[in-house]
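Colleague: Below you will find the structure I want to go over with you.
The values are calculated or read from the model by the stated rules, or taken from the named source; none is laboratory data. This one's a predicted model, so the numbers in the text were calculated from it and none came from an experiment. We place every Cβ from the backbone using ideal geometry, glycine too, and count neighbours over all the protein chains shown.
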């Protein structure tokens with residue numbers, strides 16, 4: 001009985017060693033693409049945030065200018081017609097400018113979405129070797145990850161003889177999240 005337990009324990013240790021080696025290798029292969037995606041994504045998100053803030057400020061300033069023009073018209077102040085006109089035209093221009101910036105911000109939103117899609121689809125194929133057999137992980141990052149999880153299950157079964165129980169974490173990744 002003790003000999004059987006030692007064999008199981010040794011198999012488990014061998015499995016963990018193999019698993020750690022494969023995870024380290026997979027991490028090293030995927031890190032450059034992921035790091036590149038993170039940098040580009042950060043730049044786009046910062047630009048988007050800046051543009052949204054600018055659009056909001058211009059629209060708010062335009063609305064304030066128009067409200068001031070209306071307030072001047074409602075008051076009993078003489079000779080404010082020219083000032084009212086300037087405030088209305090300036091306010092409308094500021095609001096229009098804010099709307100145009102909001103439209104330009106959509107370009108950055110689309111770029112962020114495209115970056116996520118390209119990260120998932122541009123993952124280079126990864127070739128893994130296990131017990132003399134080569135496995136190629138192809139497709140998007142989510143597809144490669146799912147294939148990787150399948151291989152780990154296969155390795156676990158080979159090393160231990162036990163069929164792994166599926167877990168919630170083994171479900172496919174959402175492709176919009178790298």
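Colleague: Just one of the numbered conditions (1) free of Cβ contacts under 8 Å to residues at least 60 places away in the same chain; (2) touching a strand residue (DSSP E or B) at 6+ places or on another chain (Cβ under 7 Å) is not true of residue 81; which one?
Modeller: Here residue 81 meets the rest and fails (2).
Each row is one residue, and each column tells you yes or no for (1) assigned to a helix (DSSP H, G or I); (2) surrounded by fewer than 14 Cβ atoms within 10 Å (Cβ to Cβ); (3) free of Cβ contacts under 8 Å to residues at least 24 places away in the same chain; (4) touching a strand residue (DSSP E or B) at 6+ places or on another chain (Cβ under 8 Å).
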| residue | (1), (2), (3), (4) |
| --- | --- |
| 61 | yes, no, no, no |
| 65 | yes, no, no, no |
| 72 | yes, no, yes, no |
| 86 | yes, yes, yes, no |
| 102 | yes, no, no, no |
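Colleague: Somewhere in the stretch 18-35, is a residue touching a residue at least 12 places away in the same chain (Cβ under 8 Å), in contact with a helix residue (DSSP H, G or I) (Cβ under 6 Å, 6 or more places away or on another chain) and under 30 Å from residue 110 (Cβ atoms)?
Modeller: no
Colleague: In addition: Do you know which residues across the stretch 45-59 are exposed (fewer than 15 other Cβ atoms within 10 Å of the Cβ) and closer than 17 Å to residue 96 by Cβ?
Modeller: 56, 57
Colleague: With the structure loaded, tell me whether residue 27 is modelled with pLDDT under 90 and surrounded by fewer than 13 Cβ atoms within 10 Å (Cβ to Cβ) or whether it fails that test.
Modeller: yes
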